[in-house]
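Here the structure comes first, spelled out in structure tokens, and everything after it is commentary.
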Amino acid sequence: MTDEHSAPGAGGVLVVGGGISGLTVALEAAEVGNDVFLIEKNPYLGGRVAQLNQYFPKLCPPSCGLEINFKRLKNNRRIRVYTMTEVKKVSGGPGNYEVELETMPRYINSNCTGCNDCVEVCTDERDNDFNFGMDKTKAVYRPHEMSFPMRYVLDMDACSPEVAQKVKAACKYDAVDLEMKPETVTLNVGAIVWATGWNPYDPAKMDNLKFNESNAIITNMMMERLASPGGPTGGRILRPGDDKEPESFAFVQCAGSRDENHLEFCSYICCMATMKQITYIRERYPEAKIYVFYIDLRTPGKYEKFREKVMNDENTQFIKGKVADIKIEDDGGVTVIAENAMTGNKVEQKVDLVILATGMEPAFKEQGAALGLQMDSNGFVISDADQGMISAGCAKKAADVVTSTQSATAAALKAIQMSRR
Ligand SMILES: Cc1cc2nc3c(=O)[nH]c(=O)nc-3n(C[C@H](O)[C@H](O)[C@H](O)COP(=O)(O)OP(=O)(O)OC[C@H]3O[C@@H](n4cnc5c(N)ncnc54)[C@H](O)[C@@H]3O)c2cc1C
């Protein structure tokens, strides 16, 4: 891997998005001799997988798959990585694109050793977006405990000029550069792979689910962070706000998915994510009551066995019924209201914590359309290999990691062919 800001070359492959899909494309293409430019808008690579506590089917921590990829990346000088970077303009055509990139300032240069001296003196704080705002970091921070490239970031919007000077003075390696400015780079590439992934669907858009009205209502991605040893509670699953150890949990499936007012499509992984998160709860709270409200359960192929195992849990009840409303209770809990589709009865279930199984919304929806890419009606990027525009992973469709990496490998092959025309 060559660090960002090295001289760009021509005829290579541009990979947009440094999640598991983008990493796979970049490595597959570079390891057969292509020059690859991998750009990522975050200050770190790894995408959403880095935020998971464990991932199915093996329930291993994200470091498992990501670290191998980072090692391959470090050892490959054909890949140039640009973090905090986005595509501004694309012109030209298949085999010969001209792409304008913009890199935002990190304010920390490559001298950073991660010694943490800057954090020690920094008194300003920012909401920790990696943990969905459930805790804070200092204004100068490492994005997360295994972030790669291992370099800190200074959030100037959260830092006063006086504190920024203190942060600079504390660095004995001269790594803090307060004069950094946004930079523009133009590349020539033969093919572009869009691996821009997904964002959690905004739960505030579903008025009936009251996400913004109670700390007892979280999303499935917040649950991943609450269960993670690197998360805001060190892996204890506590209710945000009052740190209560919940005795009862409710999962609301299809929160925004398969709904023409929100996301029309099935997000594919939410049922499995819930099954997995039940194992997180069971490990910490052997006696807790768990209720799962669902339309139907979709755990295709090899995931069926996992579902069967979890459904044998005698303290977990599966209720077929779409949640109509959530009532906020005075004691900090909430009551989930649904109609049981099997019995026709109204169900009112009070619990300490609700987890909304929010779906995956394509992250490139608006930008892709603005750049003139072919998009489907849900905002996924349509692959047009003949045009040298290829999509991979969750930029193409909602998928699990295995399916995403398969699609990334196929995308790499198309990109290699295109770049050698
Ligand atoms: C609650 C939950 C739990 C899950 N658990 C599992 C599990 O246990 N096992 C499993 O197999 N799958 C799981 N998944 C699915 C898994 O997260 C996806 O399969 C995986 O993230 C797909 O990787 P990706 O690289 O395609 O997308 P992402 O992980 O979203 O990565 C895309 C990358 O592109 C970057 N990017 C976006 N836009 C731009 C831009 N304009 N310019 C530059 N960069 C950009 C993003 O910052 C990100 O780094 C889960 C999903 C959810 C919702």
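Overview of values
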read-out	value
Restricting the range 257-272 to residues that are part of a loop (DSSP other than H, G, I, E, B) and within 11 Å of the ligand (Cβ to nearest atom), the residue that is surrounded by the most Cβ atoms within 10 Å (Cβ to Cβ)	SER267
First in the range 40-61 and in contact (Cβ under 8 Å) with a residue 24 or more places away in the chain and in the same structural domain as ILE278 (by TED's automatic domain parsing), second anywhere and within 8 Å of the ligand (Cβ to nearest atom) and assigned to a loop (DSSP other than H, G, I, E, B), Cβ under 6 Å, 6 or more apart	none
Matching option when the condition is out of contact with any strand residue (DSSP E or B) (no Cβ under 9 Å at 6 or more places or on another chain) and over 21 Å from ARG48 (Cα atoms), among GLY241, GLY235	GLY241
So ASN69, is it more than 16 Å from the ligand (Cβ to nearest atom) and either within 30 Å of ALA385 (Cα to Cα) or surrounded by fewer than 15 Cβ atoms within 10 Å (Cβ to Cβ) (or both)	no
Unmet requirement for TYR280, which otherwise passes all of (1) crowded, with 21+ Cβ neighbours inside 10 Å; (2) at pLDDT 95 or above	(1)
Qualifying strands (runs of 3 or more DSSP E) (wholly inside the range 318-421; at least 3 residues being under 30 Å from ALA250 (Cα atoms) and within 14 Å of the ligand (Cβ to nearest atom))	353-358, 360-362
Criterion (farther than 30 Å from PRO286 by Cα, surrounded by 14 or more Cβ atoms within 10 Å (Cβ to Cβ) and of a type in the set (Ser, Thr, Tyr)) met by exactly one of SER377, SER383	SER383
Flag if GLU287 is away from the ligand (no atom under 16 Å from the Cβ) and within 25 Å of ASP202 (Cβ to Cβ)	no
Any hit, the range 347-361, residues being surrounded by fewer than 20 Cβ atoms within 10 Å (Cβ to Cβ) and without any contact (Cβ under 8 Å) to a residue 60 or more places away in the chain	yes
Unique residue being surrounded by 17 or more Cβ atoms within 10 Å (Cβ to Cβ) and either near the ligand (Cβ under 9 Å from one of its atoms) or in contact (Cβ under 8 Å) with a residue 60 or more places away in the chain (or both) when the list is THR85, THR113	THR85
From ALA370, ALA395, residue being out of contact with any strand residue (DSSP E or B) (no Cβ under 7 Å at 6 or more places or on another chain) and not assigned by TED's automatic domain parsing to the domain that holds PHE211	ALA370
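The values are calculated or read from the model by the stated rules, or taken from the named source; none is laboratory data. Computed from a prediction, not measured in an experiment: that's the story for all the values here. Neighbour counts are summed over all protein chains in view; Cβ atoms, including those assigned to glycine, are modelled from backbone coordinates with ideal geometry.
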